[in-house]
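Here's the structure we're looking at; comments come further down.
Nothing in this text is a laboratory measurement; each read-out follows from the coordinates by a stated rule. All of these numbers come straight from a predicted model, not from anything done at the bench. So basically every Cβ, Gly included, is an ideal-geometry build from the backbone, and we count neighbours across all protein chains shown.
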Amino acid sequence: MQKRRWRWISLNLLRKLLMYAVCGIALVALFSVHLFPSSSSIKVPNFSDAFKLPTLVGAREISDYDKLWKRSSNSKFEPCIEPSANYTPPGESRGFLLVHANGGLNQMRFGICDMVAVARIINATLVIPELDKKSFWQDNSHFSDVFDEDHFINVLANDVRVVKKLPKELATASKSKKEFRSWSGVEYYEEEITNSWLNHQIIQASKSDSRLANNYLPLDIQKLRCRACYEALRFAPRIEAMGKLLVDRMRSNGPYIALHLRFEKDMLAFSGCTQELSPAEAEELRMLRNNTDNWKIKDIDSKEQRSKGECPLTPKEVGFFLSALGYPSNTPIYIAAGETYGGDSHMAYLLSRYPYIMSKEKLATVEELQPFINHGSQLAALDYIVSVESDVFIPSYSGNMAKAVEGHRRFLGHRKTIVPLRQDSFFFGARVTKEEKRPHFWNKGHGQIPF
């Protein structure tokens, strides 16, 4: 009995000693990690790593890399631009179509592609379009300054006859001047516009934008629009060369984001959006809107515009957005836009979160950019090239540039594009706290991402 009692006491003492030993070891390990980290666990900033993304190792990091940069599956959708088997070369031309392309670069691109299709429908010879020289951008560039004129003519040779100028004998001929009806189908052009050939050899279109319907057109007409947009409308050689140089300089630092930051003076004035602007800035934009004749809407409620999602994200909101997506602070970002309204005062927060922000003005020398200065369409073309070639494209507003680049990237293989929702209920500025439900954003590459 005595022996059993001592044995029981000994076992209890042994258990307690083992328990204290385990607890002691655990405490030593805990304090050694949190109070006395080893030199290998301390991350020392290295300024030579500027513009370089971190090396990603391990399953979790590789997964993060795929989430941030990997392009989406094409879901078996492929470019479909080849003509059908019964497609024929253009027939005998009934006359000439003169076109005044209106708007900024991408609005003109869309319009020119539509006019190629219209020329096919009405069996016209298309004269190289005249670019807009009178709108807000005040750019005196000709078609050949922005686009490769000979390439445009040659690529469309089996679709539409294209000439650089009217024949001399028709230089003074009377013209049937038309403002084609917006969003019109084939029947409108075949039944109404072709009547002009009865009395005229020249039809002159005063506008090119939104003159052709998007849907319910013959398949070969839709394919022709795609060929015109993605194959025929190549930029002029010097623009292509400069664009490639900018892409190479961005790519030398690893994957990069092209951010179409539409926080520009003309955009804010046109849309009436004054979020995060001072009263003086808001008044300046109101005066600009009132003094611009071709902007029809003058009285705009900024809060209402914002609630409907008609406002671009501010630079500060873009900073929140990129962080929520998980992009690290050393991500190279290319700003594909003109001058940010308000300059550094509105860019401060975004730059504090993402200091490696570049632009064509930072990537190129003054001498390299000199040929393009004062030519808004040519500068926009450089941004277009860098955006199309980027690893990720993020537009802060769904305007013509955003739509053109997103479409081109899909055509080239469903390159990753992330489009934020901008409705007021989805905005994530200072109002959003850790306790609040974070917004959702639609990611064209990976579906809907909840935060």
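Some notes on this structure:
- Using R0 = 22 Å, the C-beta based FRET efficiency linking TYR87 and ARG410 works out to 0.40.
- Shape call, the stretch 178-298: gyration tensor on alpha carbons, a/c limit 1.5: oblate
- For LYS416, the amide hydrogen comes within under 5 Å of the amide hydrogens of SER72, counting only partners 5 or more places away or on other chains and with H modelled in the peptide plane.
- Packing rank of 222-234, 240-252, where each peptide gets the mean count of other beta carbons within 10 Å, highest leading: 222-234, 240-252
- Spin-label pair LYS362/ALA173, simplified geometry with 7 Å Cα→Cβ offset, distance in nm: 5.4 nm
- Rounded, prolate or oblate (a/c below 1.5 giving rounded, otherwise prolate when a/b exceeds b/c) for the stretch 195-240 by Cα gyration tensor: oblate
- Distance between the modelled labels on THR292 and LYS67, one decimal in nanometres: 3.9 nm (7 Å Cα→Cβ projection).
- Set LYS265/LYS298; LYS165/LYS244; LYS133/LYS175; LYS70/LYS403 screened for pairs whose C-alpha atoms are more than 19 Å apart: LYS165/LYS244; LYS133/LYS175; LYS70/LYS403
- With R₀ set to 22 Å, the beta-carbon distance separating TRP197 from GLN222 gives a calculated FRET efficiency near 0.35.
- Stretching the chain fully between SER352 and GLU190 yields a gain of 52.6 nm (0.36 nm per residue, less the alpha carbon separation).
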